[in-house]
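Structure record follows, encoded as C-alpha cells.
Just so you know, all these numbers are worked out from the coordinates, no wet-lab data involved. Computed from a predicted structure; not experimentally measured. Here the Cβ positions follow ideal geometry from the backbone for every residue, glycine too, while neighbour counts run over all protein chains shown.
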Amino acid sequence: MNTYDLTGKTAVVTGASRGIGQGIAEGLLNAGANVITLQRGPITADLAALASARQLTVEDIAVDLSNEQSITDAIARALSTAQVDILVNSAGTQIRHDSTDFPLEDYDSVMNVNARAVFQLCKGFAPPMLERGSGKIINLASLLSFQGGLRVPAYAASKGAVAQLTKAMCNEWAPRGINVNAVAPGYFATDMNAALIADADRSEQISARIPAGRWGKAEDISGAVVFLASSAADYINGVVLPVDGGWLAR
Ligand code: NAP
C-alpha cells in the first residue's frame, strides 16, 4: 500500500494561481487528488493541463480573501461541489514599510488575508470533516512564524498567528480525526519576494545563509504538503514544519 497516495481525495488549495500554491496544487494532482482552487485570479493553463493529463479535475473558484462574505460564498460553493478531504491555506500577501511608517490599513489588510481568512476557512471546512471523523488541514506558516524579519511587522504578526492557530485548532480537532499542521517555507523565488530578488546585495546575503545553498523550488514544498495530506502523516498533529534548506538551523 502506498500511504502517500491521494487517489479519490479532493483538496482545496487557496492561492493556487501562482507561486507556492500552484506548486502545491500540482503536487496534490500528481499524488492523485482532485483539486479545487480559491483565489482572485484564474489558474494557469499548465495547472489545467496537468489535471486533464492525469484524468483528474481542477475547479477554479474566485474569492477575495480580504472579504468575509466572499469567503463564506466560496466555502459553500466548494462544499456543494465535492467532499473536501484536504484544505491547504496557501494564499498570502506581503506589504513592506518601516514600523514607524506602517499604515494601519496595510496592517489590517495583511492580517485579514494571512490570518483572519485562514481561521475562517478552517472554521468553514472543518465541520463536514469532523462529522466524518477525518480530514487534513495544512496552513502556510513562514520563517517569520519563528523570527521577526525586517520591515514586515504585519506579515510577521500574521505568520505568528498562523502557527498558533494551527496548534489551537489541532488541540480541538485532533481527537476528532482532523490533522491540523503547518509548513513553514524558507526563501522561495516567487512574486512575493520580487523586491528581495531585485536587491542583489540582499539576495546574495540570503543565499549565503542557506545551508542547502539555494532558494526553494515549488516541488520542495509540495512534497511536504503531500506527506502531511496523506495517511503517512496520520499521527502528526500540530507541527509547524520548516522547509527551509536549513535556514533555521544556522
Ligand atoms: P505569491 O506568489 O505572491 O502568491 C500569492 C497567492 O495568494 C496568489 O495565488 C494570490 O492569488 C493569492 N492571494 C493573495 N491575496 C489574495 C486575496 N486577497 N484573495 C485571494 N487570493 C489572494 O506568494 P507565494 O510566495 O506563493 O506564497 C504562498 C504562501 O507561502 C503565502 O502564505 C506566503 O506567506 C507563504 N510563504 C512564502 C514564502 C516565499 O519565500 N515565497 C516564504 C514563507 C512563506 P490572486 O492574486 O490570483 O488572488
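Some notes on this structure:
- Across segment 185-250, C-alpha contacts under 8 Å between residues 6 or more apart give a mean separation that, scaled by the residue count, equals a relative contact order of 47 percent.
- Principal-axis tilt of helix 117-132 within the chain, Cα atoms, nearest 10 degrees: 20 degrees
- Under 5 Å from the amide H of Asp60 lie the amide H atoms of Thr37, each residue being 5 or more positions distant or on a separate chain, with H modelled from the backbone and absent for Pro and chain starts.
- Pairs of Cα atoms nearer than 8 Å and 6+ residues apart set the relative contact order; for segment 10-238 it is 21 percent.
- When the P(r) is computed for segment 1-78, the part past 20 Å accounts for 29% of the Cα-Cα pairs.
- Inter-label distance, nm, simple model (7 Å from Cα along the C-beta direction), Thr57/Arg40: 2.8 nm
- Percent RCO, i.e. relative contact order, over segment 103-250, from Cα pairs under 8 Å lying at least 6 residues apart: 27 percent
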